Amino acid sequence: MDLQLHGKTAFISGSTQGIGFAIASALAREGVDVTVNGRDEQRVDAAVRRLRAEHPGSTVSGLAADFARREEVERLTEALGDVDILVNNVGIFGLAEFETITDDDWSRYFEVNVMSGVRLSRHLLGGMLARGWGRIVFISSESGVNIPADMVHYGTTKAAMAALGSGLAKRTRGTAVTVNTILGGPTYSDGVAASVAAVAEAQSLPPEVMKASIIGQNRTTLLERFIEPDEIASLVTYIASPRSSATNGAALRAEGGVLTAML
């Protein structure tokens, strides 16, 4: 299927590795001019070189900014021109007991996971509406629907992302601009792989054994395995394309059947 994406432009926040990088790669494969983002120049430059090598002839650039630092985000938005596709992917996560999460921790999670999408969407949505076409995609999580007891702070921000996407979609009424949210599930991203490797080393187990053990504890997954970043990227690429014109204001599940309730 021709996704009609050739020549479009995209910015993906938090895209030097993991799901974000997979999304950037999938869009570049379809002929999209891609701008990737990370916290430091070296990682951004490395991601740009890798994408250019994987997709010869593609147009790839990078902008470094730490979304926990408002001044860096301001510099990024000043340097970022109009884009057709915005993917709000950047995010942080971590296990913590609710009682131990400080106000500063809560602020940092909201600053990165929620305000990143607020600021980027505020900067780019008006241009999309004026030009008559655009896509905004939020990468949320099933944890925003079924809030984990040991990640209340994370799940709350992911719920806020979905709410933000729903509200912004209402501003696109009658246009060819859409705003949608992806509810991802347990994904074997670089960060998760590193965490699994660390736990495996601490317990003197092979990483693959630990990986299978961790996902085996999740009794609701229908896949019975971790999701690969490319699988999330495939759905994002379709949602970012003109082919998805009838999908707007949706929270689309790509969580492997972890969510058992009907939506």
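Read-outs: derived from the displayed coordinates by stated rules, not from any lab. Just so it is clear, the model here is predicted, and its values are computed rather than measured. Please note: Cβ atoms are built from the backbone with ideal geometry, for glycine as well, and neighbour counts cover all protein chains shown.
Where in the range 209-238 is the amide nitrogen less than 18 Å from a point lying 7 Å along the Cα-to-Cβ axis of ALA194? Answer for this model: 211, 229.
Charges were assigned to the Cβ only: +1 to each Lys and Arg, -1 to each Asp and Glu. The resulting dipole of the range 1-120 about its Cα centre is roughly 500 debye.
Rounded to the nearest 20 debye, the dipole magnitude of the chain is 960 debye, with +1 charges on Lys and Arg beta carbons, -1 on Asp and Glu beta carbons, and the Cα centre as origin.
For helix 103-113, report the angle its Cα long axis makes with the longest principal axis of the Cα atoms of the chain; keep it between 0 and 90° and round to the nearest 10°. Approximately 50 degrees, to the nearest ten.
Computed from point charges on the beta carbon alone (+1 for Lys and Arg, -1 for Asp and Glu), the dipole magnitude for the range 39-79 about its Cα centre is near 200 Debye.
Taking every Cα-Cα distance in the range 1-70 and sorting them into 5 Å bins from zero, the calculated P(r) comes out as 4, 21, 30, 24, 12, 6, 3, 0, 0 percent. With K and R counted +1 and D and E -1, the other residues having a Cβ less than 12 Å from that of TYR109 yield a net charge of -2. Derived scalar couplings between HN and Hα for the range 254-260 equal 9, 10, x, x, 5, 7, 8 Hz in order, rounded to whole Hz, by the Karplus curve 6.51 cos²θ - 1.76 cosθ + 1.60 (θ = phi - 60°), x for Gly and Pro. Once Lys and Arg get +1 and Asp and Glu get -1 on their Cβ, which of ILE23, VAL192, MET151 lies farthest toward the positive end of the dipole of the chain? Toward the positive end, the furthest listed residue is ILE23.
Counting every C-alpha pair in the range 1-151, the share spaced more than 28 angstrom apart comes to 22%. Couplings 3J(HN,Hα) for the range 121-129, derived from phi with the Karplus relation 6.51 cos²θ - 1.76 cosθ + 1.60 (θ = phi - 60°), are 5, 4, 6, 10, 4, x, x, 4, 5 Hz, where x marks Gly and Pro.
With a cut-off of 12 Å between beta carbons, the residues surrounding VAL177 carry a summed charge of +4, where Lys and Arg count +1 and Asp and Glu -1. Between THR59 and THR100, the FRET efficiency estimated from the beta carbon spacing at R0 = 41 angstrom works out to 0.35. Across q = 0.13, 0.17, 0.20 Å⁻¹, the range 52-116 modelled as identical point scatterers on its alpha-carbon atoms has Debye log10 I(q)/I(0) values of -0.52, -0.76, -0.92, in the order of the q list. Amide hydrogen proximity for SER141: with H placed 1.01 Å from N in the peptide plane, the residues at 5 or more positions away or on another chain lying under 5 Å are GLY184. Between ARG171 and TRP133, the distance separating the two model label sites (each 7 Å from Cα on the Cα→Cβ line) works out to 2.2 nm.
Classify the range 209-262: rounded, prolate or oblate, from the alpha-carbon gyration tensor (a ≥ b ≥ c, eigenvalue square roots; a/c under 1.5 rounded; otherwise prolate if a/b is larger than b/c)? Write down the numbers at each step before the final one.
On the way: a/c = 4.98, a/b = 1.95, b/c = 2.55.
Oblate.
Secondary-structure-derived ellipticity at 222 nm for the chain, considering helices only, amounts to -14000 deg cm²/dmol, per-run term -39500 (n - 2.57) for DSSP H runs with n ≥ 4.
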